[in-house]
1. So if I place +1 on the C-beta of Lys and Arg and -1 on the C-beta of Asp and Glu, and nothing else carries charge, what would the dipole magnitude of the stretch 143-249 be about its Cα centre? I want it in debye, nearest 20.
2. Compute the angle between helix 34-43 and the longest alpha-carbon principal axis of the chain, please, reported from 0 to 90 degrees and rounded to the nearest 10.
3. Just want the ordering: 185, 129, 145, from fewest to most Cβ atoms lying within 10 Å of their own Cβ.
4. Arrange the following residues from fewest to most other Cβ atoms within 10 Å of their Cβ: 8, 68.
5. So if each residue of separation counts as 0.36 nm, and I subtract the Cα-Cα distance between residue 106 and residue 34, what length gain in nm does that give?
6. Mean residue ellipticity at 222 nm from the helices of the chain, using -39,500 (n - 2.57) per DSSP H segment of n ≥ 4 over the full residue count, to the nearest 500 deg cm²/dmol?
7. What full-extension length gain, to one decimal in nm, is calculated for residue 169 and residue 293 as 0.36 nm per residue of separation minus the Cα-Cα distance?
8. Give me 26, 49 ranked fewest to most by other Cβ atoms within 10 Å of their Cβ, as a rough exposure proxy.
Amino acid sequence: MTIITDWTAEKAGGFTHENLAFRHDLHNRPLFSDEGLVRLLDTYPRDALGVFTMGGDPVDWQSWRRGTDGGLSGEKLLEAAMAGRIWLNLRHTNDYLPDYRDLECEIFTETRAQTGLRTFKRDLGMLISSANAQVFYHLDVPLVSLWQLRGQKRVWVYPVAEPYVGDAQLERIVLKESAEQFAFSPQWDAGAQVHDLTPGKMVTWVQNGPHRIENGPMLNVSLSVEFMTPAALVRANVLYANGVLRKMGIQPRVQTAPHPFALAKFGLARAVKASGLSKTFEKILPVTFDLEHEVPGVLKTAA
């Protein structure tokens, strides 16, 4: 029995190359009940927990703020998500918790059986977010799939091209010198693919596809799965190398393997990362609030 219930030869062939929607049965598992989520929040390492809040205007991406959990219990954190306007990001749950490691293996064993793809650098992350919360316009460096488990959300996915994202902006994100979120124009919605996710639906898109997300008027629980394939890893390193070259005044282009320039850039990117120079590029979002104490306008329950 498969997790995804509507595999076809066309979807298997287009996986990672096209934006695709699937149906799955993960939402029926007790792992994602209230009790399962509280247990997750109590056992997941708190120093790895991402706590965020944001404004309501999809253009106001700079209202995205990072905070701390304030030492709240798993039960209180779930209550805060149910009553406030927060986004809890539990990245790499598969690296910390055995149940999620087993789920990672299950998902990617099936993916390889259906597509033949070899995957690595897998990040199985849990997202627990409030009613009407949003993630602003942004893109990810790896490949991504988003699995809806509870609640409903709308996802807009945009082309990897001008005006949605330019090469220089993409390179800055890969270098981590710019936030994954960046300026958005509502006019771009006309060029987007729109997916309404309810429990039992999953969507995946091409590498670096810009996207944004808005929750419906209820608690949302989703599984965010990031991963690399050999081709995706080459692309990420070519973009990284291009960002370094652009700093030197060169106007680089994106190549794919087995192009010799792609392989040379792959080597350049690896060398820069190994040197430690890459750390000088990276920007980190500062912590600006605490869930236990800064409650006005952010939470209704944590006081």
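1. 180
2. 60
3. With the sparsest Cβ surroundings first, the list reads 185, 145, 129.
4. 8, 68
5. 23.7 nm
6. Computed ellipticity for the chain at 222 nm equals -9000 deg cm²/dmol.
7. Additional length available on full extension: 41.0 nm.
8. Result, fewest neighbours first: 49, 26.
All of the numbers you see were taken from the coordinates with simple rules; none came from a lab. Just so it is clear, the structure is predicted and the values come from calculations on it, not from any experiment. Reconstructed Cβ throughout: ideal geometry from the backbone, glycine too, with neighbour counts over all protein chains shown.
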